[in-house]
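Asker: One structure is given below, represented as structure tokens, and several questions about it will come after.
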Amino acid sequence: MLRISLLFIAGLFLALAACSKTDTSITSVVAKEKSPAPDISVVSLVNGKTLKLSDLKGNVVLLNFWATWCPPCRAEIPTMMNLNSIMAGKPFQMVAISIDEGGKSAIDSYFKQSGHFLPTYFDESGVSAKSYGITGVPESFIIDKQGILVKKVMGGFAWDSPEVVSFLEGLMK
């Protein structure tokens, strides 16, 4: 557990390399570790259906805010894709929320060019990013099966490392 905590702390230091997008309307962080995760609604870019975060209770959730123009975001996508494959069939859900202003077309274009794909959602209103106090991207949140925010990770991260997989599987018990 200490090793996993140190891994997450190291990830926090990588936040300095995160892409920032200044929004002076965001003045306080609503989402806090060890507190209920704010419930948000986002729209799937694949099928246009709305996903409400509270509907995922019973699953461990990796909630990731990202953008196609962000180099650390693009760098962590392959590890997220691999993690999603590793967790297939388990009570796990990845929710990648794009903050791209270009919307679906910008994201589709990026996925086509890169060959990458994530279960991506969009929130045109920006309410989800404000609810989580996003100050830059990537920023990620690990939510346990009861809907409690367990960890916040700022900056790019190797999501498919054995330590992270073990940590997430421990939350599934």
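The values are calculated or read from the model by the stated rules, or taken from the named source; none is laboratory data. Fair warning: this is a prediction, and the values are worked out from it, not measured in the lab. Heads up, the Cβs are rebuilt from the backbone with ideal geometry, glycines too, and the neighbour counts pull from every protein chain shown.
Asker: Would you check which residues across the stretch 49-61 are in a strand (DSSP E or B) and either more than 25 Å from F167 (Cβ to Cβ) or among the hydroxyl-bearing types (S, T, Y) (or both) and list them?
Answerer: T50, K52
Asker: Tell me which residues, restricted to the stretch 159-173, are touching a residue at least 24 places away in the same chain (Cβ under 8 Å) and surrounded by fewer than 19 Cβ atoms within 10 Å (Cβ to Cβ).
Answerer: Within the stretch 159-173, D160, S161, E163, V165, S166, E169, M172 qualify.
Asker: Where residues in the stretch 139-173 are over 22 Å from K57 (Cβ atoms) and hydroxyl-bearing (S, T, Y), which of them is farthest from the chain's Cα centre (by Cα)?
Answerer: Per the criteria, the residue is S166.
Asker: Further, regarding this structure: Tally time: how many residues in the stretch 115-173 are in a helix (DSSP H, G or I) and on the phi > 0 side of the Ramachandran plot?
Answerer: Number of matching residues: 0.
Asker: Right, next: Could you tell me which of the residues N64, N82 is surrounded by 13 or more Cβ atoms within 10 Å (Cβ to Cβ) and either among the hydroxyl-bearing types (S, T, Y) or assigned to a strand (DSSP E or B) (or both)?
Answerer: N64 is the lone residue from the list that is surrounded by 13 or more Cβ atoms within 10 Å (Cβ to Cβ) and either among the hydroxyl-bearing types (S, T, Y) or assigned to a strand (DSSP E or B) (or both).
Asker: May I pose another question? Looking at the structure I just gave you, is I77 part of a helix (DSSP H, G or I) and farther than 25 Å from S161 by Cα?
Answerer: no
Asker: Checking the condition at pLDDT below 95, over 14 Å from the mean Cα position of the chain (by Cα), under 25 Å from E163 (Cβ atoms) and aliphatic (A, V, I, L, M), which residue from A17, A88 passes?
Answerer: Answer to the selection: A17.
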